[in-house]
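Here, each number is a calculation from the coordinates, and none is a lab measurement. Note that the structure is a prediction, hence the values are computed from the model and not measured. As a convention, Cβ positions derive from the backbone with ideal geometry for all residues, glycine included, and neighbour counts pool all protein chains shown.
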Amino acid sequence: MRIHEMHWQQLEDYLKHDDRCVLPLGSTEQHAWLSLGTDNILSERVAAEAAEPLGIPVFPVLNYGITPYFRAFPGSISLRVETYLRVVGDVLDGLYEQGFRRIVIVNGHGGNRPAATFAIEWVAEHPDAQVRFHNWWAAPKTWAQVMAIDPVASHASWMENFPWTRLPGVVQPTTQKPPVDSDHLTTLSPARARAYLGDGNYAGYYQRPDADMETIWRVAIDETRALLTEGW
């Protein structure tokens, strides 16, 4: 369960018999016609739904990530890599100090990938701990399900358009956006990246039927839950 649904004595009692926890990572950034909090909403929700039947505590999502290319879109806030890794490191240190030894990081933003390498370094300095870094949307079974439904899927497209990332009164475009050139995008300043991307969708339709999204979500929950239970 989410730790904001617990008090500290309950967490202390939990640590007497289990040392697992979940740390979601997200980002506050543009997602075309979807919520600016899409990456936060999805990483925390998939973590919470995966962990709930197991009684494993889920910490609050780290709401800001590494997203310099979106800085020209209002509401998109980027942390420097050094800052971000210091924050992640401080959180991991705090979890370790309190007795957590098996930590699953559920990441919802591709730009946070430096944290995956950092986690490996951190474990090397804490050999009695384990950290699993899980890009929930790109995990093998979840990504395979996305591709089976529609291989043209990307940032801010239909694959992130769940009922809980949509905004009231916002009508999604019905067109299929052609893919942007990702290699070219990485060479652009934030202002030029915004001009190149337009509304922010990288490729694909903006929305698909909820039945498709529910299928993906079930796979994502099961795949995330397996990380919490298997192979430690």
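What the table shows:
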{"quantity": "Coordinate range along principal axes, alpha carbons of the chain, Å, largest first", "calculated": "53, 39, 30"}
{"quantity": "Between 0 and 90°, nearest 10: helix 81-98 axis offset from the chain longest Cα axis", "calculated": "30 degrees"}
{"quantity": "Kirkwood-Stokes translational diffusion coefficient of region 104-232, alpha-carbon pairs, 4 °C, 1.567 mPa s, µm²/s", "calculated": "77 µm²/s"}
{"quantity": "Dipole axis of the chain (+1 Lys, Arg; -1 Asp, Glu on Cβ), positive-most option in Thr165, Leu54, Ser154", "calculated": "Ser154"}
{"quantity": "Spin-label model distance (nm) - His7 vs His184, 7 Å beyond Cα toward Cβ", "calculated": "5.9 nm"}
{"quantity": "Computed helical MRE - 222 nm, the chain, DSSP H runs ≥ 4 contributing -39500 (n - 2.57), nearest 500", "calculated": "-12500 deg cm²/dmol"}
{"quantity": "Fully extended contour minus Cα-Cα distance, from Tyr196 to Glu49, at 0.36 nm per residue", "calculated": "49.3 nm"}
{"quantity": "Euclidean distance between Cα centres, region 130-182 to region 54-101, Å", "calculated": "22 Å"}
{"quantity": "Ser27 long-range amide H proximity, modeled H, under 5 Å", "calculated": "Asp39, Asn40"}
